[in-house]
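K.L.:
So that we are looking at the same thing, I have put the structure below in structure tokens.
The values are calculated or read from the model by the stated rules, or taken from the named source; none is laboratory data. The structure presented is a predicted model; accordingly, all values stated were derived computationally and were not measured. Ideal geometry is used to build each Cβ from the backbone, glycine not excepted, and the neighbour counts take in all protein chains shown.
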Amino acid sequence: MKLRSMRAETERALRWQAGDMSHNPGSQLMPVLAAQERLLGMVAPRATTEQLVPLDRARGRVLSRPVIAKWALPGCDNSEMDGFAVRADDCASASPTTPVSLPLAGDARAGAVIGELAPGTVVAVATGAPVPLGADAIVPVEDTGQDGESSVLVFAAPRPGQHVRRAGEDLESGEAMLPLGRRLRPVDIAACAAVGGSSVWVRRRPRVAVLSGGDELVPVGAVPAPHQVTDSNAAMLAAAIDEAGGEVIALGIAGDSPDTLRERLNGTSGCDLIITSGGVSVGRYDYVKQVVGELGAIEAWRLAVRPGKPLLIGRVGDVPMLGLPGNPASAAVTFELFGRPALLALQGATIVHRRRVALRVGQDLETPADLETYLRVRLTDASDGVPVATLSGGQRSSMLRSLADADALLMVPVGVARAPAGAVLTGLELE
């Protein structure tokens, strides 16, 4: 059922893009997939310029050029174990009952250089030590013994190449260690350093204008009156944009004034993306759609998603704009689905969506069949490796606690009205 549902959703998105709404009479809700493709199509051609940054400032940045190895890895044949470097032919008859005794000709340590191994001798080697010229195998310490003060007993016949890491077997000089479009993780930083990189070419951090709407909002740090609300969306967006590699341009709170909204948005021409929260629904004081239509164009409005149905995609001048709903859960979920991928696409990342994981439903669930629904869930490990997802609390779009308590967003696809306990769906793990 899950594969059929996913296929049907893809077909539905394609029909929507083609202007065919006959599959869903009376509805103008845009499928999530179609809206994501619309937004990514707007931002991908606007990829930011590149800059050279030192490795210690490169984590989370997106490569604008591949990282090319300046030398081979490893740089020489070296030992993958503590033991003795030998010529395999010299030990071909070795066995536990008939060991071969060979004189010890030297000691090779990691970082040291040693000469050629004479036939009929062995050299002690540490893990990572260069293999002497002439040696073609490493006998582990466990397969040897001492024969007097200057000879070694070999109790197992090695095969040629045994426990030898060949020069360049990991990477040859001139090969690409990392491709362009890679978002750098700590292990990638290590890889860059290992092949001679002290700095890398990455995409510039996108400049993201963030604007909140609503007369009820007060800035973070102010004490709200009972009828007021702290602008937690601005704090959430600032952190989420930073995590996704963006640079926040804070425009503050515009209230419910179309004039203030127009004035603030008019000053965003130097930005790469605009994100607003609030004012995108059909309320009397929801002016974002009107003002964006005046200053640019509306590309999409109202999606088949819960939470986040009123989401708006548009342009202010030529700057892509994402209008998130004002309720905290709606804003957070729609940023995950749209804002984060857009920011990564602006940086030229090859992977822009979070990895989806299989989750087992821990309780009977009922959701609107006409909406792609994202439920805030806690995860517990299970013996079969598929985490069990249970609701983290109330699912109203205004509720923050269940969002803070959530480990993941469980996705119930369009066409599914009931998901019984034990069903396997997909979800997005939250960081």
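K.L.:
So which of L265, L217, L261 ends up being buried (at least 20 other Cβ atoms within 10 Å of the Cβ), over 24 Å from R38 (Cβ atoms) and not small (G, A, S)?
P.N.:
That would be L217, the only listed residue that is buried (at least 20 other Cβ atoms within 10 Å of the Cβ), over 24 Å from R38 (Cβ atoms) and not small (G, A, S).
K.L.:
Any chance you could count how many residues in segment 370-391 are within 20 Å of L311 (Cβ to Cβ) and among the hydrophobic types (A, V, I, L, M, F, W, C)?
P.N.:
Within segment 370-391, residues that are within 20 Å of L311 (Cβ to Cβ) and among the hydrophobic types (A, V, I, L, M, F, W, C) number 2.
K.L.:
Can you name the residue in segment 414-431 that is assigned to a strand (DSSP E or B) and under 26 Å from the mean Cα position of the chain (by Cα) and, of all such residues, is surrounded by the most Cβ atoms within 10 Å (Cβ to Cβ)?
P.N.:
G427
K.L.:
I would also like to ask the following. Taking the options A225, A209, A235, name whichever one is in the same structural domain as S330 (by TED's automatic domain parsing) and over 32 Å from the mean Cα position of the chain (by Cα).
P.N.:
Of the residues listed, the single one that is in the same structural domain as S330 (by TED's automatic domain parsing) and over 32 Å from the mean Cα position of the chain (by Cα) is A225.
Residue-wise test of (1) crowded, with 24+ Cβ neighbours inside 10 Å; (2) without any contact (Cβ under 8 Å) to a residue 60 or more places away in the chain; (3) in the same structural domain as N266 (by TED's automatic domain parsing).
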residue	(1), (2), (3)
D318	no, yes, yes
G323	yes, yes, yes
A332	yes, no, yes
E336	no, no, yes
P341	no, no, yes
T367	no, no, no
R376	yes, yes, no
S383	no, yes, no
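K.L.:
Return the pairs, sorted by first residue and then second, in which the second residue is in a loop (DSSP other than H, G, I, E, B) and modelled with pLDDT of 50 or more, the first residue lies in segment 15-41 and is more than 20 Å from G314 (Cα to Cα), the beta carbons are less than 6 Å apart, and the residues are 6+ apart or on different chains.
P.N.:
none
K.L.:
Is it true that some residue in segment 390-404 is over 30 Å from Q28 (Cα atoms) and in a loop (DSSP other than H, G, I, E, B)?
P.N.:
Within segment 390-404 (the criterion being over 30 Å from Q28 (Cα atoms) and in a loop (DSSP other than H, G, I, E, B)), the answer is yes, since at least one residue qualifies.
K.L.:
Given the options A240, A234, name the one that is of a type outside the set (K, R) and out of contact with any Phe, Trp or Tyr (no Cβ under 9 Å at 6 or more places or on another chain).
P.N.:
Testing whether each residue is of a type outside the set (K, R) and out of contact with any Phe, Trp or Tyr (no Cβ under 9 Å at 6 or more places or on another chain) leaves just A234.
K.L.:
Output the residue which, of all residues in segment 95-141 that are farther than 17 Å from G161 by Cβ and polar (S, T, N, Q), is surrounded by the fewest Cβ atoms within 10 Å (Cβ to Cβ).
P.N.:
T97
K.L.:
Inspect segment 271-278 for any residue being at pLDDT 95 or above, in contact with a Ser or Thr (Cβ under 9 Å, 6 or more places away or on another chain) and either acidic (D, E) or surrounded by fewer than 18 Cβ atoms within 10 Å (Cβ to Cβ) (or both) and give the result as yes or no.
P.N.:
Yes, segment 271-278 contains at least one residue that is at pLDDT 95 or above, in contact with a Ser or Thr (Cβ under 9 Å, 6 or more places away or on another chain) and either acidic (D, E) or surrounded by fewer than 18 Cβ atoms within 10 Å (Cβ to Cβ) (or both).
K.L.:
Also: Can you give me the number of residues within segment 60-91 that are of a type in the set (A, V, I, L, M, F, W, C) and within 14 Å of G161 (Cβ to Cβ)?
P.N.:
Qualifying residue count, segment 60-91: 5.
K.L.:
List, please: which pairs have Cβ atoms under 7 Å, are six or more places apart or on different chains, and start with a residue in segment 200-220 that is under 23 Å from Y287 (Cα atoms) and at pLDDT below 95 and end with one that is hydrophobic (A, V, I, L, M, F, W, C) and not in a strand (DSSP E or B)?
P.N.:
What qualifies is G213/A254; G213/L261; G213/V288.
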